[in-house]
Amino acid sequence: MDRTASTVGQRQRFCWVASTSRNVTRMAEQPTEALSYAAHLTFLAESQGDQAALTVGTADSAETLTFAEFDVAANRMGRHLQSLGAGVGDFVTIAEPNSVEFVVACAACWKIGAIPQPVSSRLPGRELEAIIELADAAVVVGIEEERAAGLGGRATVALGFRPGDDVDGSPLPDAVSPAWKAPTSGGSTGRPKLIVSGDPSRLAASQATLGTGLGIRLGGTMLIPGPLYHNGPLVWSLTNLIAGAHTVVLPRFDAEGTLAAIQKFKATALYLVPTMMQRMWKLEDDTKFAYDLSSLERAVHLAEPCPPWLKEVWMDWIGPEVLWELYGGTEGQSATMLSGTDWLAHRGSVGVPISGEIKIFDDDGAELPAGEVGGVWMRPVGRDTPTYRYIGAEPERMGDWECLGDIGWMDEDGFLYLADRRTDMILVGGANIYPAEIEAAIGESPLVQSSAVIGLPDDDKGNRVHAIVQPAEGTAVEGLQEQLIDFLGDRLVRYKMPRTFEFVEFPLRDDAGKVRRKQMRAERLESDTTTETT
């Protein structure tokens, strides 16, 4: 696709065209001159101004901005941020929930060369303050008046604020943010850190590679049911918007609401995590099969291990050519991807690298042959600058290789398989036990909504497997432990069976599929009241 952006004085050839290698889409042509995001958004406003750019809401009630309206909103908010002291290279913390205001604030940062730094709108005060201090944010967006007092006099923008029509909405002087995003992560330590992108707010070949892999195309519609402060929903929604496609964001994940939105907005691409997939699949058949999902061209899941049984039922539902998987960290050193069709030929894999390089090393730094389990190490290739930098943490490095804490192996064909997080592995009587495997087996039960498995101290075998279970709606807790033991007896060898169970009434994973096993373990070590099974 060739476009001439005469209004911004630059020519850009940026192709969202799919070619296929191992069923992985790649960009067919490199851009000859990279436009800034700021200039490109203005170009989109002028070239397809009346087309839908952003919709936020549900199938029953939603607000839509066209590309022209979105650009004006971003320009106005950019000028407002400037008036509060934000400028090139400054972090702007964005604490809005999923909303038009959240996405506009990100674009407004690019308009003035600032760096959007999203956080959860539900962060406790101390955690929010710690992140803002790490970022040394110039402005904090989305703050209620009573919370602003605790931010040390920093400039703030009220929750839900939109500049009025009296603020100039015309294009600002062109600017480039030195980093196009800076999400946060607690990681395995539980301490907040910023993961600042190594890429500026300019169009890049790697972005189109990712975009086509996610099913982004002109005329398409991407549905995002996850929280925008997490890296996956953030990257997918903004990449889709920058590509000139329609982005639909749900205020929060709802199982039936997501299916209704696919039908209502004729979504062609869908962001998923296995937690969402499981909640949708466990709806009553009369509910989940009542919606038309035929518009979907690609649904990609990531962020947590997907149990094989869940992958299979979804492939039966929407087709193995539609369901894809992506694996990689926010840090962006490398990523893998594969289609459901490839998964059937390499059952359990998360795919082959589509960017960067991946190898498996043992604890002594020796590379392991195919089939042997070790640390998953990554490094970028084909670039002169790092893919990210941390603020508030240090990476685990070995030369130019880095590890995000995952354990896995590769087969002879170069497909990667994950075992679990290294910090989550449970050592029981000398045997390595991976919580993800046990959680997958528990999740198969129709009596279970969600689960988390941790290791607790045991005098005999060093650790015991402890299962924390959220029963499915309407399931009685009485007798549930015995039913689960019977159910798991056909799915797990004896030494992997949970020896203790705990039943809770709250979800164990957030809408992004994240579970904090380390925190759960620490809480239970303080007061261990679990009951051991036979």
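The values are calculated or read from the model by the stated rules, or taken from the named source; none is laboratory data. Since the structure is predicted, the reported quantities are computational estimates derived from the model, not experimental observations. Heads up, the Cβs are rebuilt from the backbone with ideal geometry, glycines too, and the neighbour counts pull from every protein chain shown.
Screening P227, P251 for residues that are within 20 Å of A108 (Cα to Cα) and not small (G, A, S) leaves exactly one candidate, P227. For the range 494-528, filtering for residues that are basic (K, R), farther than 30 Å from N231 by Cα and assigned to a loop (DSSP other than H, G, I, E, B) leaves 1.
Entry remark, the range 329-370: residues being more than 19 Å from P308 (Cα to Cα) and not basic (K, R) number 24 in total. The sole residue among W309, W324, W236 that is outside any loop (DSSP other than H, G, I, E, B), of a type in the set (F, W, Y) and more than 16 Å from the chain's Cα centre (by Cα) is W309.
Scan the range 162-183 for residues that are within 22 Å of P233 (Cβ to Cβ) and either surrounded by fewer than 18 Cβ atoms within 10 Å (Cβ to Cβ) or not hydrophobic (A, V, I, L, M, F, W, C) (or both) and report the count. The qualifying residues number 4.
Filtering the range 313-345 to residues that are of a type in the set (D, E), in contact with a helix residue (DSSP H, G or I) (Cβ under 9 Å, 6 or more places away or on another chain) and surrounded by fewer than 21 Cβ atoms within 10 Å (Cβ to Cβ) leaves only E321. Looking at this structure, is A59 surrounded by fewer than 24 Cβ atoms within 10 Å (Cβ to Cβ), under 20 Å from T247 (Cβ atoms) and of a type in the set (A, V, I, L, M)? Considered against the rule, which asks whether it is surrounded by fewer than 24 Cβ atoms within 10 Å (Cβ to Cβ), under 20 Å from T247 (Cβ atoms) and of a type in the set (A, V, I, L, M), A59 comes out as yes. In this entry, G348 is excluded by the filter for residues that are closer than 23 Å to I195 by Cα, touching a helix residue (DSSP H, G or I) at 6+ places or on another chain (Cβ under 9 Å) and touching a residue at least 60 places away in the same chain (Cβ under 8 Å). Those residues that are of a type outside the set (A, V, I, L, M, F, W, C), crowded, with 17+ Cβ neighbours inside 10 Å and closer than 12 Å to V92 by Cα, I need them from the range 128-157; list them, please. Across the range 128-157, the qualifying residues are G142, R154, T156.
Within the range 288-306, being part of a loop (DSSP other than H, G, I, E, B) and either crowded, with 18+ Cβ neighbours inside 10 Å or not acidic (D, E) (or both) holds for F289, A290, Y291, L293, S294, S295, L296, L302, A303, P305, C306. Can you tell me which residue is nearest to H466 (Cα to Cα) among those in the range 479-496 that are modelled with pLDDT under 90 and surrounded by fewer than 16 Cβ atoms within 10 Å (Cβ to Cβ)? Taking the candidates together, the pick is Y495.
Screening I438 against (1) of a type outside the set (S, T, Y); (2) part of a loop (DSSP other than H, G, I, E, B); (3) touching a strand residue (DSSP E or B) at 6+ places or on another chain (Cβ under 9 Å) leaves a single unmet condition, (2).
Going by what's in this entry, would A108 be described as in contact with an Asp or Glu (Cβ under 7 Å, 6 or more places away or on another chain), assigned to a helix (DSSP H, G or I) and either over 24 Å from G213 (Cα atoms) or at pLDDT 95 or above (or both)? Spelling it out, it is not the case that A108 is in contact with an Asp or Glu (Cβ under 7 Å, 6 or more places away or on another chain), assigned to a helix (DSSP H, G or I) and either over 24 Å from G213 (Cα atoms) or at pLDDT 95 or above (or both). Note on the range 33-63: residues that are over 17 Å from L238 (Cβ atoms) and either outside the structural domain of K264 (by TED's automatic domain parsing) or not in a loop (DSSP other than H, G, I, E, B) (or both) amount to 5. When the criteria are applied in full, V477 meets the requirement of being over 30 Å from the mean Cα position of the chain (by Cα) and outside any helix (DSSP H, G or I). The one condition from (1) in contact with a strand residue (DSSP E or B) (Cβ under 9 Å, 6 or more places away or on another chain); (2) more than 24 Å from L241 (Cβ to Cβ) that C109 does not meet is (2). Being closer than 29 Å to P192 by Cβ, small (G, A, S) and in contact (Cβ under 8 Å) with a residue 40 or more places away in the chain is the filter here, so list the residues in the range 351-407 that pass it. Across the range 351-407, the qualifying residues are S355, G375, G392, A393, G405. Residues considered: A137, A114. Of these, the only one that is of a type outside the set (V, I, T), modelled with pLDDT of 95 or more and in contact with a Gly (Cβ under 8 Å, 6 or more places away or on another chain) is A114.
Scanning the range 119-135 finds no residues that are of a type in the set (A, V, I, L, M, F, W, C), part of a strand (DSSP E or B) and in contact with a strand residue (DSSP E or B) (Cβ under 9 Å, 6 or more places away or on another chain).
Of the residues screened, L427 is not one that is surrounded by 19 or more Cβ atoms within 10 Å (Cβ to Cβ) and either hydrophobic (A, V, I, L, M, F, W, C) or out of contact with any Asp or Glu (no Cβ under 9 Å at 6 or more places or on another chain) (or both).
Condition check ((1) free of Cβ contacts under 8 Å to residues at least 12 places away in the same chain; (2) farther than 23 Å from D166 by Cβ; (3) surrounded by fewer than 23 Cβ atoms within 10 Å (Cβ to Cβ)) across all residues:
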{"position": "L65", "(1), (2), (3)": "no, no, yes"}
{"position": "Q82", "(1), (2), (3)": "no, no, yes"}
{"position": "G85", "(1), (2), (3)": "no, no, yes"}
{"position": "E96", "(1), (2), (3)": "no, no, no"}
{"position": "A105", "(1), (2), (3)": "no, no, no"}
{"position": "I112", "(1), (2), (3)": "no, no, no"}
{"position": "I115", "(1), (2), (3)": "no, yes, no"}
